[in-house]
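Step one of this worksheet: look at the structure below.
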Amino acid sequence: VVCLCIFGYSAFQLFTIFQDKNEIKTETNTYKKMVEKEKTLQPDWDALKAENEQIVGWIYVPDCQASFPVVQGTDNAFYLTHTASGAENPMGAIFVDAKATPGFVDDNTIIYGHSVEGGGMMTDLKLFEDPTFFEQHEKFYLLTPEQNYECDIVAFVKTPDGSVFYTTQFGDFRQETLTQMATAANNPENHSYYREQNIQEHERLVSISTCNLDYGFQSDQRYVLQGVLRPTDKPIKITDEK
């Protein structure tokens, strides 16, 4: 009887996980119809905004199953447990820190997304732990209603929440902050990597943050993928979608 109860509970949990992931997949595919055209990303911002006015961008990380709308709410709690359309779901959404200045104009804008058991959302950022994967992937992409960006990857780090990589305003300590980030990221033994990008005074960063599941769901350990925002007018090609 005990075994049957355990089996039944486990089966229910697996079904729930499947249901949550399927809901995210269905919703994302609906959004993708407003974004993907002829193997490129060309968002229909009017259509996306009609679905949710809080959609502020689209993020695409090649070969990481990560192509999602980006939202920005009034706090950092709601989208932890709700999808981009506002449906309740523990996998949440990809969202900009609520305190960030709209328009990705801070020195470093933080974008959050869950890592989940079994894959999905930002789980595959862990692939950057492999030095070869890091070397072969030099960019991710951020599209906004105002401008599209190539995000030239400067760092992938394993770091605690609240570290220097979560600094959003550099003030009078811009160079010191960038140097601290470079030093912390240049640690291959910890599977953290740095790529010289010659960051100019006017250039801004964007950092994608997700949980490091090696330490469990409740830890403060994170993966952060950081890029330099560089405007582009070139078509953004989808390179990993079937």
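General remarks:
- When the residues of region 207-235 are filtered to those that are more than 19 Å from Phe134 (Cα to Cα) and hydroxyl-bearing (Ser, Thr, Tyr), the one that is most open to solvent (accessible area, probe 1.4 Å) is Tyr215.
- Looking across region 85-105, the residues that are part of a loop (DSSP other than H, G, I, E, B) and touching a Gly at 6+ places or on another chain (Cβ under 7 Å) come down to Met91, Ala98.
For every residue, the table says whether it meets (1) in contact with a Lys or Arg (Cβ under 9 Å, 6 or more places away or on another chain); (2) in contact (Cβ under 8 Å) with a residue 60 or more places away in the chain.
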| site | (1), (2) |
| --- | --- |
| Phe165 | yes, yes |
| Gly171 | no, no |
| Glu196 | no, no |
| Ile208 | no, yes |
| Gly216 | no, no |
| Gln221 | yes, yes |
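- The set of residues in region 70-84 that are over 14 Å from Gly57 (Cα atoms) and part of a loop (DSSP other than H, G, I, E, B) comprises Thr74, Asp75, Asn76, Ala77, Thr81, Thr83.
Condition check ((1) touching a Phe, Trp or Tyr at 6+ places or on another chain (Cβ under 7 Å); (2) small (Gly, Ala, Ser); (3) not in a strand (DSSP E or B)) across all residues:
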position: Phe133; (1), (2), (3): no, no, yes
position: Asp152; (1), (2), (3): no, no, no
position: Asp172; (1), (2), (3): no, no, yes
position: Tyr193; (1), (2), (3): yes, no, no
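- Pairs with Cβ under 6 Å, 6+ apart, first in region 73-90 and surrounded by 15 or more Cβ atoms within 10 Å (Cβ to Cβ), second among the charged types (D, E, K, R): His82/Glu88; Thr83/Glu27; Ser85/Glu27; Asn89/Asp20; Asn89/Glu23
- Residue match in region 14-25 (condition: among the β-branched types (Val, Ile, Thr), at pLDDT below 95 and open to solvent by less than 20 Å² (accessible area, probe 1.4 Å)): yes
The values are calculated or read from the model by the stated rules, or taken from the named source; none is laboratory data. From a predicted model like this one, the values you see are computed outputs, not experimental measurements. Glycine gets a Cβ as well: all are built from the backbone with ideal geometry, and neighbour counts include every protein chain shown. We work out accessible area using only protein heavy atoms, side chains counted, and drop any ligands, DNA or RNA first. Shrake-Rupley method; radii C 1.70, N 1.55, O 1.52, S 1.80 Å.
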